[in-house]
Amino acid sequence: MIGSVGLKEAMYHWTTRVAKRVNSSVLLANAWHHRLDAMSSSVALAAIFGAVEGWTWLDPVGGVVVAGMVIRAGWKAGRPAVLELLDAAAPPEMADSISNSLTTAIAARDAADVIGFEGLRVRKAGPFSTVEVSILLRDPVNTSAARAQAILLNLERALKSADPDVQEVSMRIASDKQQSSPPPPPPPPATPTQ
């Protein structure tokens, strides 16, 4: 039984490494299953030892401990998977990383045409992420549609190459509200001539 505990713990560590490398919540849940097997075997071993020594109360306590471990492991592995299914926002560190990649891409490629971006939204979609963002052009009125499309395509490619987990990017052009000129005033009303 002691060898089984060691083997299950080793399987937990190996499966966790693989789960993180391929970004799989299913493998991570399976890793926790291995750890739970190891921990519940340890509790069962202690309960058996207690029963041999006459500590019969140790068996139900062991059952409560194992049930608590199952609930904790279920929460730890299940919560992120449920959030992904609900299309929840990605963790802040992922959004920060994508924001930095986008800032770098703008500075490296399109600084002459792009002021920045706004409305960045990053969502998890299984092991991947989706990005929505509005790009602020320096001169949206005088930028051709072809040039605007080329800017968006360049930024999308840069973002996907900087972060391989980004699977889908939805960008749109937005004008910079502070720098856009107000519409011209309406013409004065015509005055009758006499």
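The values are calculated or read from the model by the stated rules, or taken from the named source; none is laboratory data. Computed from a predicted model, the values in this text were never measured in an experiment. Methodologically, a virtual Cβ is constructed for each residue, glycine included, from the backbone with ideal geometry; neighbour enumeration extends over all protein chains shown.
Summary table
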| quantity | calculated |
| --- | --- |
| Selection from segment 137-149 of residues that are modelled with pLDDT of 90 or more and touching a helix residue (DSSP H, G or I) at 6+ places or on another chain (Cβ under 9 Å) | none |
| Options A10, A46, A31: the member that is under 25 Å from K124 (Cβ atoms), aliphatic (A, V, I, L, M) and part of a helix (DSSP H, G or I) | A31 |
| Scan of segment 97-135 for residues that are assigned to a helix (DSSP H, G or I) and loosely packed, with under 13 Cβ neighbours inside 10 Å, ordered by number | N100, T103, A107, A108 |
| Hey, S181 outside the structural domain of K20 (by TED's automatic domain parsing), modelled with pLDDT under 85 and out of contact with any Phe, Trp or Tyr (no Cβ under 6 Å at 6 or more places or on another chain) or not | yes |
| Lone qualifier among S99, S134, S129 - being among the hydroxyl-bearing types (S, T, Y), at pLDDT 90 or above and under 30 Å from L28 (Cα atoms) | S99 |
| Matching residues, segment 1-21, being of a type in the set (D, E, K, R) and out of contact with any Asp or Glu (no Cβ under 8 Å at 6 or more places or on another chain) | E9, R17, K20, R21 |
| Exclusive hit being over 33 Å from the mean Cα position of the chain (by Cα) and buried (at least 17 other Cβ atoms within 10 Å of the Cβ), set L58, L28 | L58 |
| Pair list, Cβ under 8 Å, 6 or more apart: segment 60-78 residue within 11 Å of S40 (Cα to Cα) and assigned by TED's automatic domain parsing to the domain that holds V43, other residue surrounded by 10 or more Cβ atoms within 10 Å (Cβ to Cβ) and among the β-branched types (V, I, T) | G62/V43; V65/V43; V66/V43; M69/V43 |
